[in-house]
Amino acid sequence: MRVANVFVFLLLCTGIGYSQGTVPNAELQNLAPPSSPAFVLMDITPSNIIIPENVQAFSIQTINAFTGNSEAANGNYAVEVQPYWYVKRENMNFFKYNNLTSSKSQVSTVDDYDGMNIFGDIWKKASFSLALMDGTFEVFEETQSFISVGARTRLLSLRTKKQIDGFKEQYKRYLQLMRSQQVLDILANSSLSSAEKNEKVTTLQEFIAIRNDFEEVVQSKPFFALDVALAYSHFLGDKSSGFEDTMGRFGIWASGDLALYTPTIGKNSYVHFYGIFRYLRDGINLEENGTELFSVDKLDFGGKIELEFDRLSFAYEFIKRDSDMDEGSRSIGSIRYRINDSFAIHGGFGENFRSEGTTIALFGIQWGLENNSSVRLSPN
Amino acid sequence: MDHLNVGNNAPIKLRVSVQTEAMAVTSGFIYHSETDEMPYSRMEPFDPSLKTGWKSLDKGNEVGGKVFRVITFFTFFNSFPNEETFNLAVAQIKGSYIAEISGGNPSPFPISFTTEAFFTTQTCMVESGLKLL
């Protein structure tokens, strides 16, 4: 059994522990591609320029990478954890969570919120990842194993005044509804259970309409977001091939996303312009004798354009690698389709670094573990 | 149902605080008896994150011998990709929610509550009931 298979078993057990459920269930529950820095560092993700929006306390990710020069590498697994959700929050409310701020010392109405904390996502979106990967990485003749750790967060998040005003407007509509006679008659009725009250309130046409509008505002993408990440991978070595364990790769990078809302195309449509800058200390380079690795410094810089149409998105990215070695560039088109609210697929197709003109395909999914779900891991 | 000796004191006041990412709206209802289906008096629903002070029950009138119920309705507008994360957000509500009455004996008096969360609608309800003797 490969180390990766043991690792994924441990991941699943860990996830079940997190879920605190009595039945070990797992459900494919993904709104985003595999994107942990531990993966991105090794250039095996469908996209190297990733600005994830979803919040997920605990997730498991896996990637299959197929290239013309190496066998299919299917032992790539990662876990990613957002500690924000596991730590007790102080002085938290809806406005603070959405980074709204006030110039007044005492806030008593929604109109007192007149600004935005552009650094407000640093802690909320911080995540840590751990990955184990098997592959040749266009260097080795035999499949080799790496273990990676990574961290990322959103350093900057900018919303337009129109977006901030949208929060206030929808808040007022929502509060007015919750103060209305029809809602109060439901909540005050002592003969109804909590579940019955909830169902009656949440199925009111006005509630559904306001909720949809409110979610559209809250979940609208920031006008500009800047994410930063760092990761380190360690080569586990292979004594049969004469390799000692050593540093694999270290990287630190920043990705910016300028998101232009295009409602004329669709309700949730955006045109994204991304940029990336990455420093790498790359130890996955083989000496001519074929048994020793050496390290070099590299700089990656590039961009990506993405057209997002609600469930479907198309993207193209180009990243140039500046180093003493000629590794070419990464030129990949990708497509992502969200089949439903619980499952999405993401694929990439093109040329990767070191692929020497060979076309590669990358495919990934990500899922979270939870209770009451449809896929049973251990049916006994 | 818990009880609190408020006697002839007036006004009796309510204060609610909670630390959550959700939008919270608190409503208070006063009934003549435990078996009454509908209240005879309602408090103006309020957002406990903005209205942090004490609020009078029944416009400051005496409320001895009545039943008081408090409901805080939470709606999460930031969608959660899985129930695991949602449950952690609900745990934060359970761990930080405080509803208390001022003006009885003892005072202030923390009211016990029950929490029920609904992942499908991304909502949560916290309910309390108290006999005011």
Report summary line: Among residues of segment A:132-178, a drop of 30 Å² or more in 1.4 Å probe accessible area, assembly relative to the chain on its own, occurs for A:Tyr171, A:Tyr174, A:Leu175, A:Met178
Query raised in the report: Roughly how big is the B-A contact, given as buried accessible area in Å² (both sides, 1.4 Å probe, nearest 100)?
Result: 4600
Query raised in the report: Which peptide among A:167-174, A:285-292 comes first, and what is the full order, when sorted by highest mean count of other Cβ atoms within 10 Å?
Result: A:167-174, A:285-292
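Could you list the trypsin sites (Lys or Arg not before Pro) in segment A:175-224 that lie in coil according to DSSP, counting only those with at most 16 other Cβ atoms within 10 Å of their Cβ?
A:Arg179
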Report summary line: Neighbours of A:Asn198 by Cβ distance under 14 Å: Lys/Arg at +1, Asp/Glu at -1, summed charge -1
**Report entry** Inter-chain shielding of B:49-56 (mean C-beta neighbours from other protein chains, 10 Å cut-off)
**Finding:** 3
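Which length gain, in nm to one decimal place, applies between A:Leu230 and A:Asn268 when the Cα-Cα distance is subtracted from 0.36 nm times their residue separation?
Between A:Leu230 and A:Asn268, full extension yields an extra 10.6 nm.
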Requested in this report: Apply 1/(1 + (r/R0)^6) to the Cβ-Cβ distance of A:Gln106 and B:Lys131, taking R0 = 51 Å, and write down the FRET efficiency to the nearest 0.05.
Outcome: 0.90
Report task. Step through the residues of segment A:173-187 one at a time and calculate ³J(HN,Hα) from phi using the Karplus curve (6.51 cos²θ - 1.76 cosθ + 1.60, θ = phi - 60°), rounding each to whole Hz and writing x for Gly and Pro. Result -> 4, 5, 5, 4, 5, 5, 9, 6, 4, 5, 6, 5, 4, 6, 5
Report summary line: Note to self, chain B gives a 222 nm [θ] from helices alone (DSSP H runs n ≥ 4, -39500 (n - 2.57) apiece, / all residues, nearest 500) of -3500 deg cm²/dmol
Report summary line: Volume per residue (Å³) of the convex hull spanned by the alpha carbons of segment B:2-132 is 99
Query raised in the report: Measuring from label point to label point, each 7 Å out along Cα→Cβ, what is the A:Glu141 to A:Ile122 span in nm?
Result: 5.0
Query raised in the report: Quick one: net charge of B:Ser33's neighbours, Cβ under 14 Å, K/R +1, D/E -1?
Result: 0
Query raised in the report: Over the heavy atoms of A:Asp322, what accessible area does a 1.4 Å probe trace out, to the nearest 10 Å²?
Result: 90
Report task. Express the accessible area of segment B:37-133 per residue in Å², computed with a 1.4 Å probe while the remaining protein chains stay in the model. Result -> 37
Query - Paramagnetic reach from A:Thr291 in segment A:223-255 [backbone N under 13 Å; point 7 Å along Cα→Cβ] - result: A:238-244
Requested in this report: Working from Cα positions, state the angle (0 to 90°, nearest 10) between the long axis of helix B:83-96 and the longest principal axis of chain B.
Outcome: 30
Query raised in the report: If you take the beta carbon distance between A:Leu260 and A:Lys172 as r and set R0 to 30 Å, what does 1/(1 + (r/R0)^6) give as a FRET efficiency, to the nearest 0.05?
Result: 0.65
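From the P(r) of segment A:192-237, could you give the percentage of C-alpha pairs in the tail past 18 Å?
When every Cα pair of segment A:192-237 is considered, 63 percent fall beyond 18 Å.
The values are calculated or read from the model by the stated rules, or taken from the named source; none is laboratory data. These figures come from a predicted structure and were not determined experimentally. Here the Cβ is made from the backbone with ideal geometry for all residues, glycine too, and neighbour counts use every protein chain on show. The area values use the complete protein model at the heavy-atom level, side chains included, leaving out ligands, DNA and RNA. Shrake-Rupley method; radii C 1.70, N 1.55, O 1.52, S 1.80 Å.
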